[in-house]
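Notes follow once the structure below has been shown.
Bear in mind these aren't lab numbers, they're just calculated from the coordinates by the rules spelled out. What you are looking at is a predicted structure, and each value in this text was computed from that prediction instead of being measured.
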Amino acid sequence: MSVTIDLPPDIEASLAAQAAARGVPLADHLSRLLAEQANAPRAAPKTPEERVKPWRDVSGLPDTKPLSDEAISRESIYAERG
């Protein structure tokens, strides 16, 4: 199969340099890169519980008690303004 891809010059130059460093033609280098991506194992989607776990496992934060209703009341917040 043959595919034509228009790449920006800077990306083409970078890929050509990678191919030259490996001592292979650019087409072979691109073919290998694309084959790696096509065969790369896909991670299973995480459940909501798995996604939230890192946020709940944060360490190093102080264990503080919630503020009282009075402490977060409008009157308490703006007491200095009169």
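Using modelled backbone amide H atoms (1.01 Å from N, in-plane), which distant-in-sequence or interchain residues come within less than 5 Å of residue 24's amide H?
Amide H neighbours of residue 24: none.
Against the empirical 2.2 N^0.38 Å scaling, what ratio does the C-alpha Rg of the chain come to?
2.38
Quick one: Karplus J couplings for the stretch 27-40, per residue in order, coefficients 6.51, -1.76, 1.60, θ = phi - 60°, nearest Hz, x for Gly and Pro?
4, 5, 4, 5, 4, 5, 4, 5, 5, 4, 5, 5, 9, 5
With each run of n ≥ 4 DSSP H residues scored as -39500 (n - 2.57), what mean residue ellipticity at 222 nm is computed for the chain after dividing by its residue count and rounding to the nearest 500 deg cm²/dmol?
Helix-only estimate at 222 nm: -15000 deg cm²/dmol.
Where Rh is the Kirkwood radius over the Cα pairs of the stretch 29-76, the temperature 10 °C and the viscosity 1.306 mPa s, what D in µm²/s does Stokes-Einstein return?
In µm²/s, the coefficient is 99.
Just the number: Rg to Rh for the stretch 2-43, Cα atoms, Kirkwood Rh, two decimals.
Ratio value, two decimals: 1.02.
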